[in-house]
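Working notes, beginning with the structure itself.
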Amino acid sequence: MAIVMDADRVSRSLTRIAHEILERNRGVENLALVGIRARGVPIAERLAAALKGLTGIDVPTGALDITLYRDDLMRHAVGPQPVIRRTEIPFSIDDRLILLVDDVLYTGRTIRAALDALIDFGRPKAIQLVALVDRGHRELPIRADYVGRNIPTSQQQSVQVRLVELDGRDEVEVEG
Amino acid sequence: MSAMLLKSVHVIDPAAGRNGRFDVLIVDGKIGRIGRDLPVNDARVIELPSSFIVTPGLIDIHVHLREPGQEHKETIATGTASAVAGGFTAVACMPNTDPINDNASVTQFIVKRAAETGVARVYPIGAVSLGSKGERLTEIGDLRAAGCVAITDDGRPVGTALLMRRALEYASMFKMPVINHCEDPSLKGDGVAHEGAVAAMLGLKGIPGASESVMVERDVSMAELTGGHVHVAHMSARQSLRAVRAGKARGIRVTAEVTPHHFVLTDEALARHGGYDTNTKMNPPLREEADRAAMIEGLRDGSIDVIATDHAPHHADEKALEFDRAPFGIVGLETAVSLCFDRLVHPGIIALPRLVELLSTNPARVLGLPGGTLVEGEPADISILAPDASVTIHAAALRSKSKNTPFDGWTLKGGVAATIVGGRVVYANPELLTLNL
Amino acid sequence: MTTATTLRHRHLLGIRDLEPGEIDLILETALAMKEVGARPIKKVPTLRGRTVVNLFFEPSTRTRMSFELAEKRLSADTLGMTTAGSSVVKGETLGDTARTIEAMAPDMIVMRHASSGAPHQLARVCRASIINAGDGTHEHPTQALLDAFTIRERKGTLAGVRVAIIGDLIHSRVLRSNVWLLTKMGASVIACAPATLMPPGLRELGVAVTYDIDEAVKGADVIMMLRVQHERMHGLFLPSAREYFTYFGLTPARMERAAADAIVMHPGPMNRGVEIDSDVADGPWSVILDQVANGVAVRMAVLYLLAGGEGEG
């Protein structure tokens with residue numbers, strides 16, 4: 001069990017990512033952030049705050065619950081149906097550049113589900129992916145455009161991201 | 001000459017004043033002697049476990065044998081096989097066959113079939129009105145001559161007070177009672193369960209207890225008016241019992257029977273195990289606890305004369321319908337004795353002699369049948385019961401052709417060891433008794 | 001009360017079998033499902049490849065359409081069967097109809113039947129999950145759930161809410177399901193009907209009972225009107241629709257006695273001028289159309305939660 005990112009490191013990574021977003025897209029025009037529930041949401045909100053700090057502009061931010069799009073529902077009766085939380089995307093995504101935000105990028109299946117969901121909401125101009133942690137072991141051809149930290153792991157290990165908004169503190173821990 | 005000697009067995013025969021150890025000698029199908037230390041001679045000696053009791057053959061005066069016309073549910077052969085397995089040496093069968101037993105030729109058919117295929121005695125009950133439609137009296141004299149022992153329109157009530165009056169007047173000439181399925185059709189409506197909180201919550205249309213008692217009261221009045229004998233079939237409501245008690249107190253010739261399911265179960269049974277088990281659907285319906293308790297009290301204090309099963313076989317396909325659509329009725333011949341022991345005798349509600357009255361002495365008296373008591377020179381119809389035997393009811397193993405019982409899987413204390421009709425052992429329970437015959 | 005994470009049983013036959021935590025789970029899930037109906041593409045792939053049979057032995061337009069829409073929004077394959085033209089008409093037993101349908105291996109059967117208890121009898125022999133869409137006069141669980149969803153939407157909670165239920169109660173499955181649900185969730189319920197249409201046993205369930213509509217409506221936060229069918233005049237339950245409306249009809253004048261922000265509900269179809277005045281049905285208190293919209297979301301939630309399929313029978 002090891003803390004691979006402490007609060008300070010998390011904060012600096014997000015600041016760096018905000019700068020990268022600005023640089024790569026030459027500003028925030030037409031951008032929108034969509035955080036994948038649950039922990040992608042506070043990360044998206046922090047990025048929105050950072051971008052506002054840098055540009056003075058409010059970047060629209062939404063929350064996406066991908067439970068209904070998962071490919072592993074009902075495949076195996078190993079537990080209760082996952083609880084669904086609300087999706088809230090209170091703006092049109094048509095012709096926008098969507099920054100999809102998640103805490104951990106692993107097999108890529110969550111992102112695939114998120115892409116399916118987003119397409120049902122409209123036709124974005126482009127989608128870029130922000131991941132606080134990339135732990136490897138992709139099962140689908142998906143890659144992140146912005147990464148907080150690459151953390152190689154084995155499949156037996158698990159990566160826990162904790163955020164102040166939900167867990168009271170910022171840290172990333174690898175278990176196992 | 002064949003002779004069988006039941007040696008030092010516990011005989012309970014209230015009509016003869018017997019409750020003790022006796023030897024019973026059966027010779028050529030008749031009761032030869034009842035006494036003590038009888039000489040054996042060539043008789044085959046049968047000894048029984050000391051807990052067993054020997055009684056006059058039990059008589060079930062409310063049984064549907066379904067033949068003629070509904071042989072897919074039961075026949076006289078299978079129905080009487082079921083009866084003897086239940087300890088009954090005789091049954092009285094209801095006329096709602098197809099065709100209805102409303103004329104002598106149907107009665108004769110039943111009598112003939114019973115002689116050919118029956119293993120218990122069968123006493124037909126004829127209809128009160130042609131087709132049981134409540135319009136014209138049947139030829140009651142002819143029915144009597146052909147073998148009917150009573151009249152009823154069972155399945156339906158005797159339609160009007162006038163018809164009941166006439167039936168009582170006419171039938172009493174032939175010394176026959178009128179048996180009534182007491183129910184006011186307008187109050188019953190299309191109800192399928194007892195009107196009460198359980199039916200209300202299950203969304204089932206209710207039949208109030210008053211729909212029965214209103215008719216019982218009418219019949220008591222008609223019996224008073226005519227001096228005839230009215231017998232209340234399958235009584236279920238406490239209000240009915242009140243009316244019967246009041247009638248008896250005034251010296252009116254009213255008798256009443258109750259079924260085992262009405263003193264064992266209540267309408268709660270309709271809600272158990274997910275609910276809507278059609279084997280809890282019968283008419284009159286299972287009522288609430290106050291009614292069940294009243295029936296128990298009536299058995300105890302003598303206001304109820306007879307226990308009769310209302311054995312109503314139905315084919316599995318017919319019972320596998322929605323609760324609303326399924327036919328009313330359950331089988332009862334093979335579960336009655338065990339239920340009586342387990343729920344009346346062992347809890348101390350009634351003593352064994354009273355049980356024999358309810359199942360043998362009084363049924364014979366109510367219908368004027370032979371039997372009900374052991375008399376030297378009369379046919380040897382004898383029931384051998386085991387009050388302490390543990391019995392588990394298996395619906396699939398019932399001898400009746402139909403298996404519609406709510407008691408499947410019940411374990412009860414008390415059972416039937418053997419049944420003897422006319423000196424012949426027509427049933428012996430292999431788990432309780434080995435009789436090498 | 002904690003929200004459950006799963007439903008215990010694999011069928012939804014009645015509210016009577018649900019615990020408060022399970023009711024909460026269904027309502028929470030329905031919230032998320034309602035959002036799907038607000039999107040431009042009102043579809044999610046969740047039940048893709050699953051087969052749902054809508055087995056309606058009793059005619060019904062609104063409930064059937066609501067279920068069909070819910071199933072389609074979840075991308076399930078739906079099959080509708082109504083009795084007209086089915087083998088039931090030819091005298092086939094309920095069990096045989098069900099077994100024939102089971103042979104096509106549906107994942108779920110949504111069933112409406114005129115006999116109380118029919119889904120319970122079917123559930124004993126079917127492998128598919130069964131959702132009761134109304135059985136006789138017994139229960140209509142999804143209706144009560146959508147009613148609860150609507151109340152929560154408007155009042156924020158069910159606990160402590162004062163609900164009056166008025167109408168032909170003895171013949172109403174909506175009444176029974178709502179009584180179970182509202183009492184389980186801590187609402188206070190008063191039932192009002194003419195004496196001939198009042199079922200026994202309500203007081204034992206914690207429901208107040210009155211024959212006086214003014215008493216029922218007084219201070220009520222929610223007034224649920226149930227329809228009175230014309231056949232009741234023939235069964236000697238009521239003398240006339242006119243008399244019923246006079247003594248039991250919900251009018252704007254009667255609404256004045258209700259709580260300030262009271263809402264009026266009706267499962268439909270309404271008999272205007274019999275149990276409810278048009279001015280109330282179409283008035284500011286009415287949430288009747290919300291009920292219909294919420295019905296789809298609630299039914300989506302039920303389908304989703306049962307499709308997980310690991311509950312006991």
- Task: Look at residue C:158 and say whether it is facing chain B (nearest Cβ under 10 Å) and over 11 Å from the mean Cα position of the chain (by Cα).
- Result: no
- Kindly indicate whether residue C:273 is at positive phi and either in contact with a Gly (Cβ under 6 Å, 6 or more places away or on another chain) or free of Cβ contacts under 8 Å to residues at least 60 places away in the same chain (or both). yes
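If I filter the range C:132-141 for residues that are in a helix (DSSP H, G or I) and either under 12 Å from the mean Cα position of the chain (by Cα) or within 14 Å of chain B (Cβ to nearest Cβ) (or both), do I get at least one hit? Reasoning before the result, please.
Step one: list which residues in the range C:132-141 are in a helix (DSSP H, G or I), which gives C:141.
After this cut, where a residue has to be either under 12 Å from the mean Cα position of the chain (by Cα) or within 14 Å of chain B (Cβ to nearest Cβ) (or both) as well, the list is C:141.
Yes, because at least one residue in the range C:132-141 is in a helix (DSSP H, G or I) and either under 12 Å from the mean Cα position of the chain (by Cα) or within 14 Å of chain B (Cβ to nearest Cβ) (or both).
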- Please work out if residue C:227 is surrounded by 17 or more Cβ atoms within 10 Å (Cβ to Cβ) and more than 14 Å from chain B (Cβ to nearest Cβ). yes
- Note on residue C:179: of the conditions (1) in a helix (DSSP H, G or I); (2) touching a residue at least 40 places away in the same chain (Cβ under 8 Å); (3) surrounded by 21 or more Cβ atoms within 10 Å (Cβ to Cβ), unmet is (2)
- Does any residue of the range B:381-396 turn out to be more than 17 Å from the chain's Cα centre (by Cα), part of a loop (DSSP other than H, G, I, E, B) and not assigned by TED's automatic domain parsing to the domain that holds residue B:83? yes
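Being in a helix (DSSP H, G or I) and hydrophobic (A, V, I, L, M, F, W, C) is the filter here; which residues of the range B:70-95 pass it?
Residues satisfying the conditions are B:76, B:77, B:81, B:83, B:84, B:85.
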- Among strands (runs of 3 or more DSSP E) completely within the range A:78-161, the ones holding 2 or more residues that are charged (D, E, K, R) are A:97-105
- Query: Which numbered condition trips up residue B:123, out of (1) assigned to a loop (DSSP other than H, G, I, E, B); (2) buried (at least 22 other Cβ atoms within 10 Å of the Cβ)?
  - Reply: (1)
- Task: Filter the range A:114-166 down to residues that are of a type in the set (D, E, K, R) and touching a Phe, Trp or Tyr at 6+ places or on another chain (Cβ under 6 Å) and give me whichever is surrounded by the most Cβ atoms within 10 Å (Cβ to Cβ).
- Result: A:135
- Do the conditions hold for residue C:79, that is, is it aliphatic (A, V, I, L, M), within 25 Å of residue C:147 (Cα to Cα) and touching a Ser or Thr at 6+ places or on another chain (Cβ under 9 Å)? no
- Item | Spans of strands (runs of 3 or more DSSP E) in the range C:1-117 with at least 2 residues within 14 Å of chain B (Cβ to nearest Cβ) | C:108-113
- Message: Given the criterion buried (at least 24 other Cβ atoms within 10 Å of the Cβ) and farther than 18 Å from residue B:59 by Cα, identify the matching residue among B:346, B:394, B:314.
- Response: B:314
- Query: How many residues are assigned to a loop (DSSP other than H, G, I, E, B) and either within 32 Å of the chain's Cα centre (by Cα) or crowded, with 18+ Cβ neighbours inside 10 Å (or both) if we restrict to the range B:38-52?
  - Reply: 7
- residue C:149 versus (1) touching a strand residue (DSSP E or B) at 6+ places or on another chain (Cβ under 8 Å); (2) assigned to a helix (DSSP H, G or I); (3) more than 9 Å from chain B (Cβ to nearest Cβ): which is the lone unmet condition? (1)
- Message: Yes or no: the range B:340-361 includes at least one residue that is touching a residue at least 12 places away in the same chain (Cβ under 8 Å), part of a loop (DSSP other than H, G, I, E, B) and out of contact with any Lys or Arg (no Cβ under 8 Å at 6 or more places or on another chain).
- Response: no
- Query: Counting only residues that are in contact with a Pro (Cβ under 9 Å, 6 or more places away or on another chain), assigned to a loop (DSSP other than H, G, I, E, B) and among the hydrophobic types (A, V, I, L, M, F, W, C), which one in the range B:297-332 is farthest from residue B:241 (Cα to Cα)?
  - Reply: B:321
- Query: Out of curiosity, is residue B:74 in contact with a Pro (Cβ under 6 Å, 6 or more places away or on another chain), buried (at least 20 other Cβ atoms within 10 Å of the Cβ) and in the same structural domain as residue B:320 (by TED's automatic domain parsing)?
  - Reply: yes
- Exception for residue C:42 within (1) of a type in the set (Lys, Arg); (2) surrounded by fewer than 16 Cβ atoms within 10 Å (Cβ to Cβ); (3) not assigned by TED's automatic domain parsing to the domain that holds residue C:79 falls at (3)
- Test: residue B:366 is of a type in the set (A, V, I, L, M, F, W, C), modelled with pLDDT of 95 or more, within 17 Å of the chain's Cα centre (by Cα) and crowded, with 16+ Cβ neighbours inside 10 Å: yes
- Task: Kindly indicate which of C:208, C:193 is within 13 Å of chain B (Cβ to nearest Cβ) and farther than 22 Å from residue C:18 by Cα.
- Result: C:193
- Message: Here are the criteria: (1) in the same structural domain as residue B:316 (by TED's automatic domain parsing); (2) not in a helix (DSSP H, G or I). Tell me which single one residue B:108 does not satisfy.
- Response: (2)
- Message: Please determine whether any residue of the range C:278-297 is more than 30 Å from residue A:82 (Cβ to Cβ), of a type in the set (S, T, N, Q) and part of a loop (DSSP other than H, G, I, E, B).
- Response: no
- Quick check, is residue A:98 surrounded by fewer than 20 Cβ atoms within 10 Å (Cβ to Cβ), under 24 Å from residue A:28 (Cβ atoms) and under 16 Å from the mean Cα position of the chain (by Cα)? no
- Note on the structure: Scanning the range C:203-242 residue by residue, those closer than 24 Å to residue C:257 by Cα, over 18 Å from the mean Cα position of the chain (by Cα) and among the hydrophobic types (A, V, I, L, M, F, W, C) turn out to be C:207, C:208, C:209, C:213, C:216, C:217, C:220, C:241
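The values are calculated or read from the model by the stated rules, or taken from the named source; none is laboratory data. Worth saying up front: this structure is predicted, and the values here are computed from it rather than measured. Note: ideal-geometry Cβ built from the backbone for every residue, glycine included; neighbour counts use all protein chains shown.
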